[in-house]
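Reading through the structure tokens given below for one structure.
The values are calculated or read from the model by the stated rules, or taken from the named source; none is laboratory data. Owing to the predicted nature of the structure, the values given are computational and were not obtained by experimental measurement. Please note: Cβ atoms are built from the backbone with ideal geometry, for glycine as well, and neighbour counts cover all protein chains shown. Accessible surface is based on the protein model in full, side chains and every heavy atom, while ligands, DNA and RNA are left aside. Shrake-Rupley method; radii C 1.70, N 1.55, O 1.52, S 1.80 Å.
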Amino acid sequence: MGLAIGFWISASVIIAAALGVVLLRNIFRAALSLILCFLMVAGIYITLSADFLAAVQILVYVGAISVLIILAIMMTREVQRGNLSNKLQLPAFIVALLFLGVLVLTVTNTPWPITDTAPVVPTTTTIASRLFGEGGFILPVEIAAALLLSAILGAIVLAREK
Amino acid sequence: MMPVLNFGIHHQVFIPAVPPDWPGGFWWHWLFFTVVIIAFVLTMVMGAIYIERRGMGRMQSRLGPNRTGPFGLLQPVADAIKVLLKENIVPVKADKLVHWLAPVVAFAPALMLFAVIPFQDGALLADLNIGILYIVAISSVSTVGIFMAGWASSNKYSLLGAMRNVAAIVSYEMPLVLAIVGVVLIAGSLSLNRIVIAQDIPFILLQPLGFFLFFAAGCAEINRSPFDLMEADSEIVAGFHTEYSGMKFAMFYLVEYAEAIAIAAIITTLFLGGWRGPLLPPWLWFVTKVMAVFFTMVWTRTTLPRIRIDQLMALAWKFLLPLAVINLIITAIQVLASWPDTLPWTLVMIIVNFTILAVLVLLWSKFFFRLGWGRIEV
């Protein structure tokens, strides 16, 4: 019961916040709306007993990505006048609509496995042994780390003053 | 069933921290600890302000406020009443809603941090299995409040102050988290209660370098001197809260001290053995240690000269971050080597770790890094 209430509150706030991101004219408020959306996604993870994932969601999306977005907004010229307008509204709308259609089609056509077993407690041990243990995803993890490192180095090289 | 990986200097103690069985269960537990946490934070903030003003006064060869109440004990109360009665001024061009929300968004995480800090064995709001990760995640939310304050004030000094603050927070988060990882490796758990239980000897002895890194990075995270670049009157007035007055300014003031208490409480829990200690009741040990850490913060504030903004960034990236990475690698090697838990070996370990601390800090301060070398534009 409590879980269902939590889920519906999170879900409706997510949708409202996501609409706010698109519809608000003030771009800073749109960014804040995006942060609310990220926070509520963490709420959904909590209802799914994925506590580690929820904390990582807040840490990465609210603590890092949103901060980057807001810094970018603050660095933008003439942003005080609100949303910068251009002629891409219609193409963006069409692309978003197509993407939504693909998502809905995928979600409704996938046979999602449902299980009655209780969620694993504590989650951290299981995640760690799946990621780093034998037969786990150690190779993808390492590749992702190397990829991120090279991306950071590339960004530094690009941004460095001559 | 996965085998539980149990390497480490200390054997992992699996005592599930069951909350005391309150009549009525979960909700009573929740209500009780919420009230306790709010009362604790407010009282400790009052105490912290008193210690800061009087202690700093003594260290600077002056008296400090001593007229309100016995020994000036009521000064924080007088300050609070004064600031609450002040007029609330909002700039005409401000984004009113965001300007109003910013102190709330900054204050909520500072209060939420205390939810996972154990006051004594099992006495905490929520013994999360991911406790320390929760702390790192929640404390990153407060940057959003600072951004909101800086932006909504519609004042360039506020905006610059907020950007400075956020740049500092983002930079110092890395050595901070890496210092935490060392402790987590030794304790073998992310839960703060289990970390305390694992500390048969305080981790400050096993992780001296981690402690200093955490202390420095923590002070920078919450803008305490020598990293208090918010209060640069000649450059950016008062930073992101320039345009705040009255109750809303009081909220930011409260956040500042609540965060200082939170950092002190986290240091106590991670490095100083939390509520553990002989004779006195556990919660008293906890409060005493928190106040001792806060006193050390005041002490460093009065002792060290403050640094410039470019030096602030250089210190994070060129001094603290390399040392944090090296500390993590050394800790990982020590944990993997599964050092014996008996007394003479632990003593050797303590000596080895303090030697590593001395060698690394000397090496870096002599050869690799000096404040004022090079300049980083921020």
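Some points to look at:
- Complete set of residues in segment A:134-153 that are in a helix (DSSP H, G or I) and open to solvent by 90 Å² or more (accessible area, probe 1.4 Å): A:L139, A:E142, A:I143, A:L147, A:L148, A:L149, A:I152, A:L153
- Count - residues of segment B:76-100 that are assigned to a helix (DSSP H, G or I) and surrounded by fewer than 17 Cβ atoms within 10 Å (Cβ to Cβ): 9
- Lone unmet requirement of (1) modelled with pLDDT of 75 or more; (2) in a loop (DSSP other than H, G, I, E, B); (3) loosely packed, with under 14 Cβ neighbours inside 10 Å; (4) among the small types (G, A, S) for B:A39: (2)
- Count - residues of segment A:103-133 that are open to solvent by less than 90 Å² (accessible area, probe 1.4 Å) and either within 14 Å of chain B (Cβ to nearest Cβ) or within 21 Å of the chain's Cα centre (by Cα) (or both): 16
- Within segment A:41-57, restricting attention to residues that are part of a loop (DSSP other than H, G, I, E, B) and open to solvent by 50 Å² or more (accessible area, probe 1.4 Å), the residue that is nearest to A:A17 (Cα to Cα) is A:L48.
- Hits in segment B:54-75 - residues which are out of contact with any Gly (no Cβ under 8 Å at 6 or more places or on another chain), exposed (fewer than 14 other Cβ atoms within 10 Å of the Cβ) and of a type in the set (A, V, I, L, M, F, W, C): B:F71
- Tally, over segment A:110-129, of residues that are among the small types (G, A, S) and either under 29 Å from A:E142 (Cα atoms) or in the same structural domain as A:D51 (by TED's automatic domain parsing) (or both): 2
- All of B:I201, B:I146, B:I195 fail the test of being touching a residue at least 24 places away in the same chain (Cβ under 8 Å) and surrounded by fewer than 21 Cβ atoms within 10 Å (Cβ to Cβ), apart from B:I201.
- Candidates are the residues of segment B:120-134 that are surrounded by 23 or more Cβ atoms within 10 Å (Cβ to Cβ) and more than 9 Å from every other protein chain (Cβ to nearest Cβ); the one that is nearest to the chain's Cα centre (by Cα) is B:I132.
- Breaking point among (1) touching a residue at least 12 places away in the same chain (Cβ under 8 Å); (2) more than 22 Å from B:M112 (Cβ to Cβ); (3) not basic (K, R), for A:A4: (1)
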